[in-house]
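Read the structure below first, then the notes.
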Amino acid sequence: MSLKSMFSNKTRTALTVLGIVIGIASVIIVYSAGAGINGLVVGQIESFGTDIINTEIKMPTNKKVGNSSSAGATDLAQGVQITSLTLEDMEEIRALPNIKNSYASIMGQEQVSFGNEQKKTFIFGTNASYIDIDKSEVGSGRFFSDEEDKSLSQVAVIGSNVKEELFGDSDALSRLIKIRKTKFRVIGVVKERGAVMGMDFDDFVYVPIRTMQKRIMAINHISYFISQVNDMSRAEETAEDMRYILRERHDIKVENIDDYNKDDFRVVTMTEMMSMMDTVTGALTLLLLAIVAISLIVGGVGILNIMYVVVSERTAEIGLRKAVGAKYSDIMLQFIFESILITIIGGIVGVVVGVFLSFLISFGANAYGLDWRFSIPMQAYVVAVGFSLVFGVFFGVYPARKAAHMDPIEALRRE
């Protein structure tokens, strides 16, 4: 009976189903996009290595723990510099048994020139061990050595884009480039890598970190250092040892939990990085689902309106059924089943449309060069089907109750 009723008014049914289709498809797309973004970010983080611990500068505060992070970010954004993290800190940390290797870094944006060609790009000061830990590879020439770093040698390794813009098809090795007014000899060109976490490594110029400190920036501090560990199962323990050493070196006294705000550094393991990204993408997914819920409610209201129309059109039929013995539950089930049927059909079509559009988004992202994995969590299907059933029942109950409560005599009078 429900199917006959739906197919007798195809246009009306199609428009009602469309509202549910849009909502359910949006649920599938949101979950798929959340999984895709999470996979993309995790993949980019892992491109720095899966066995690392990151130590970076942080603004110390005297506020409660819950406010320290935001206060530090605000101050750093306003140009406040933290100069307490040094190469000596990294060397001290490197002596820990579970630390295999490490490299430090500072960055600056400078004008790089060769002859008449100029390019404003990022100068990346780092240690010789960078190339052993990071995923970057030298395509031609070589990376600078530890001896060249310690002797403040003016040598540089350039990214593929920098090579292309400054030298074109010519060989860049042994050529002299200028950073500010200081000449650097090109000793290597890094293979094309692309953008990672918003930074295009092909636009980098790598120089020894001590040369960067003394000859370009005139500073003694660093921005962060990366430590490679031998045993990742002991990463948290090693991170705590690192915090202890840095507090000792920076003369930070910790007597209670609030004193952790005095830290002018932040030590983060890969596990913590992944957890933070899961939290961010999870919150983003929930926010988008809250927006999607609006379209589902709109679709549900459409079902409510249509079911009211259906009940009004079939008043005489309801009266006749009740007159020949139909019970309250019979009428209720008839109209609730019709409402659920509409939402289930909309849900199935919505899932198919959502999967198809999610695939197109994944295909487009990969064509654009992003490592976007096509994935739809099982939770997406559960939520989609659940929404279909809940909305079918919720928005179908009131019209069904109205039909079931009709007086058969009054209903038959409308014939």
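Quick notes on this structure:
- Normalised contact order of the chain, rounded percent, pairs of Cα under 8 Å and 6 or more residues apart: 29
- Temperature 37 °C, viscosity 0.692 mPa s: under these conditions the Stokes-Einstein estimate for the range 210-340, based on its Kirkwood radius over C-alpha pairs, is 147 µm² per second.
- Across all directions, the shadow cast by the convex hull of the range 100-227 built on its C-alpha atoms averages 7.3 square nanometres.
- Sequence of Thr86, Thr285, Thr16, Thr279 once ranked by neighbouring C-beta atoms within 10 Å, starting from the fewest: Thr279, Thr86, Thr285, Thr16
- Cα shape, the range 208-268, gyration tensor, a/c 1.5 rule: oblate
- In terms of its alpha-carbon gyration tensor, the range 124-179 comes out oblate; a/c meets the 1.5 threshold, while b/c is at least as large as a/b.
- Helix 235-249 axis, angle to the chain major axis (alpha carbon atoms, nearest 10°): 50
- Extension gain (nm, one decimal) between Phe7 and Glu248, 0.36 nm per residue minus Cα-Cα: 79.0 nm
- Most tightly packed first, judged by the mean number of other beta-carbon atoms within 10 Å of their residues, the peptides 225-231, 27-33, 170-176 read 27-33, 225-231, 170-176.
- Cα centroid separation - the range 278-314 against the range 104-142, whole Å: 51
- With the biggest extent put first, the Cα atoms of the range 281-347 measure 58, 19, 18 Å across the principal axes.
- Sequence ranges 338-348, 179-189, ranked by mean other-Cβ count within 10 angstrom, highest first: 338-348, 179-189
- Placing a pseudo-label 7 Å from each Cα along the Cα-to-Cβ vector at Glu137 and Tyr328 gives an inter-label distance of 7.5 nm.
- The alpha carbon convex hull volume per residue for the chain rounds to 201 Å³.
- Taking a ≥ b ≥ c as the square roots of the eigenvalues of the alpha-carbon gyration tensor, the range 291-410 is classed prolate because a/c is 1.5 or more and a/b outweighs b/c.
A short reminder: the numbers here are calculations on the coordinates, not readings from a lab. As the structure is a prediction and not an experimental result, all values here were calculated from the model. Using ideal geometry, Cβ is built from the backbone for each residue, glycine included, and neighbour counts are taken over all protein chains shown.
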